[in-house]
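The next block holds one structure in the form of structure tokens; read it before the comments.
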Amino acid sequence: MKVLDTALFASQALRRAPMRTSMMLLAIAIGVAAVVTLTGVGEAARRFVSAEFASLGTNSLIVLPGKADTSGSGLTGMLIGETARDLTLDDVIAIARNPRITRVAPVVVGAGNASWRSRSREVTVIGTSADMREIQRWELQAGRFLPQLDLDVASPVCVVGSIIAEEVINSNRVVGEWLRIGDVRCRVLGVMAQGGISGAFNLDESVFLPVANAQQLFNSPGVFRIIVETRERADMDPIRRYIVDTVRERHQGVEDITVITQDAVLSTFDSIFGVITMALAGIAAISLLVAGVLIMNVMLVAVSQRTSEIGLLKAIGATHNQIVAIFLTEAAWLAALGAACGLGVGYTVSYGLGVAYPILDFRAPVWASAAAVAIALISGVVFGLAPARRAAKLDPVFALTR
Amino acid sequence: MIKLRGICRDYEVGDETVHALDHIELDIAAGEYISIMGPSGSGKSTLLNILGLLDKPTAGIYELDGSDVSDLPDDHLAQVRRQKIGFIFQSFHLVSRLTAHENVELPMLLMGTNKKERRQRAEEVLDSVGLRSRLDHRPDQLSGGERQRVAIARAIVMRPSFLLADEPTGNLDSKSGGEIISIVEDLNSQGIGLVVVTHDPDLGDRARRHLRMVDGRIHSDNPRKSA
């Protein structure tokens, strides 16, 4: 019996039982569609978080005071500001001397009171440099960001977040107004675009000052962290070593800083979301196995319904393998058609989700679609094997009397 | 050419052994026309199944066209059935989702014959049983007599040496039954051996050789009484 003839014979049997066939197709299609959609959702979350962090720039380094080690005051200690020894502006200036470093943004953070005429509000004061905006790709809705100044030069200017601009400065022209931060007056140069969040800080409620002003305001020479952007990605490792060496020299040979790369943060998130996506895919794949069991059940029913046909095929000379091939081909057809429908449904649902939530990208990864189709086919054939063998083993005399 | 020597077929029913066939000795020459009659349970259907290689004897030797087929593996038996034996059943056994010509093509499909030749030969044999105009009808669109003619066409399309018919007219009215008988007798006159199992004495009497079975044995084996 030729392969094509077997395929046609099997497909004819399926077409003549449309109810049974469509129920099986539905079961498999749901499984495949679930894999495609769920992995798409997992990937969308991963891509979203990655993109948020990548907005910091992929060739950025973050320098934190304190050494990350396994003692009590590890990285966590540093993040909450518990430092062994402060990084200073002089350290920043020393680091910035390397020509492979294109931008340097020291960051000083504290709470302060911003007031305009009679209004005042507790705000987050962020002291930084003009480079910060370039590194973070911040947008402004009005005016401009902090000017390029020498890092240790103070200037009575500031940039305000959108909520400060709306609620504190009750003027139709925010840029150019004088805002009081603590007991220092500064002129507003610009207003940040809405919706910025950087780490734990809500930029909408922040005021940005030149770093030297912020240090004066807080009366502290320390720098919370330094963000460094290198000329190229390949510079990341040498620059990291350079920063560690430079600061160690300045700190009497004590290595008391930590340099983390954007990559390290990103890859952590990547692996977390990778695991989530795999888990979702695994759950969905179970539904494919369930569909496989359904194939087995329905094929077993088909075998008993078609016992007399099997008897006849044997009487007119069908061999064991031919009968197995006929029923296995039916199962394979079901699995393949079901998988195709499932891919169609899955991609349609993903597309629909993408339309509903345009900031997320719900495309399923290719490996997930391929794995879903493969599992559908394998489970179809594996679970189709038992009914096919049962059909082939039927005693023809018995089968013909059914 | 069929030669049965000491054929037994035992069934285990509970603790008892039933001897459905008990040391059958039988020679059938090519082109013979034989009827097998006898009461229910006498073993005539079992004998037909053994002859048709659907069932294997418990003991004894079966030679078909000079070769011993009593101990062949199942797949070999399937091939021998495909080439040498045509079956006609009381309930026709057509595949209901297939058209007349597709049903007739089935044995050739299993052989791997190409589509064009299948179609052509199926049309020829359907034409020879008078179903030229019913090629693309499905069984549920055909009368009983027409269905049995499709089944005959399927049985002869591989040009077998023997046709084995189990109550071929059992589900038909007498007119259709008569047509069926004249078709198979016509085939017999062209040289195909014909073995008919029946309860119907009129049908049985038409054969040139009459076997009568009782309790798994051949009780009598007579040529037709010249009328």
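Counting partner chain Cβ atoms within 10 Å of every residue's Cβ in B:104-112, what's the average?
Rounded to a whole number, the mean comes out at 5.
Can you check what the net charge comes to around A:Gly274, using other residues whose Cβ is under 10 Å from the Cβ of A:Gly274 (Lys, Arg +1; Asp, Glu -1)?
Taking every Cβ under 10 Å from that of A:Gly274, the sum is -1.
Distances over 20 Å make up what percent of all Cα-Cα pairs in region B:51-151?
Values: 2344 of 5050 pairs.
Here the tail beyond 20 Å accounts for 46 percent of pairs.
List A:Glu229, A:Glu249, A:Glu134 from most exposed to least, where exposure is judged by having the fewest other Cβ atoms within 10 Å. Don't jump to the answer; show the numbers that get you there.
Details: A:Glu229 22, A:Glu249 10, A:Glu134 15.
The most exposed by this proxy come first: A:Glu249, A:Glu134, A:Glu229.
Please rank A:Val184, B:Val69, A:Val168, A:Val36, fewest neighbouring Cβ atoms within 10 Å first, as an exposure proxy.
Starting with the residue having the fewest Cβ neighbours, the order is A:Val184, B:Val69, A:Val168, A:Val36.
Starting from the alpha-carbon convex hull of region B:136-211, give the projected area averaged over all orientations, in nm².
Reported value for the Cα convex hull: 5.3 nm².
Peptide A:306-314: average number of partner chain Cβ atoms within 10 Å per residue?
If you average over the peptide's residues, the count of other-chain Cβ atoms is 4.
Based on the Kirkwood radius over alpha-carbon pairs, what value in µm²/s does the Stokes-Einstein equation return for the translational diffusion coefficient of chain A at 25 °C and 0.890 mPa s?
Value of D from the Cα-based Kirkwood radius: 94 µm²/s.
Rounded to the nearest 500 deg cm²/dmol, what is the calculated helix-only ellipticity per residue at 222 nm for chain A, with -39500 (n - 2.57) per DSSP H run of length n ≥ 4?
-18500 deg cm²/dmol, from helical runs alone.
In percent, what relative contact order does region A:102-226 have, based on Cα pairs under 8 Å that are 6 or more apart in sequence?
Once divided by the residue count of region A:102-226, the mean separation gives 36 percent.
Quote the relative contact order of region A:299-402 in percent (integer), defining contacts as alpha-carbon pairs under 8 Å separated by 6+ residues.
Relative contact order of region A:299-402: 59 percent.
Which helices, counted as full DSSP H runs in chain A, have an axial Cα extent of no less than 15 Å and a Kyte-Doolittle average of 1.6 or above?
A:262-305
In region A:102-226, what % of DSSP beta bridges are antiparallel (nearest 5)?
Beta bridges within region A:102-226, antiparallel portion: roughly 75 percent.
With an 8 Å cut-off on Cα pairs and a minimum separation of 6 or more residues, tell me the relative contact order of chain B in percent.
Numbers: 435 pairs, mean separation 66.5, N = 227.
29 percent.
With springs connecting C-alpha atoms under 10 Å apart, model chain A as a Gaussian network and identify which of A:Ser308, A:Ser267, A:Ser162 has the largest mean-square fluctuation.
The residue with the greatest mean-square fluctuation here is A:Ser308.
Roughly how many whole Å is it from the C-alpha centroid of region B:41-70 to that of region B:135-163?
Spelled out, the Cα-based centre of one part sits 25 Å from the other.
Roughly what % antiparallel, to the nearest 5, for the DSSP beta bridges in chain B?
So the antiparallel bridges in chain B amount to around 55 percent.
Where does the charge balance sit around A:Val36 when Lys and Arg score +1, Asp and Glu -1, over other residues with C-beta under 15 Å from its C-beta?
Working: positive: A:Arg363; negative: A:Glu43, A:Asp361.
Neighbour charge sum, excluding A:Val36 itself: -1.
All of the numbers you see were taken from the coordinates with simple rules; none came from a lab. All figures in this text were calculated on a predicted structure; none of them were measured in a lab. Cβ: placed from backbone, ideal geometry, glycine included. Neighbour counts: every protein chain shown.
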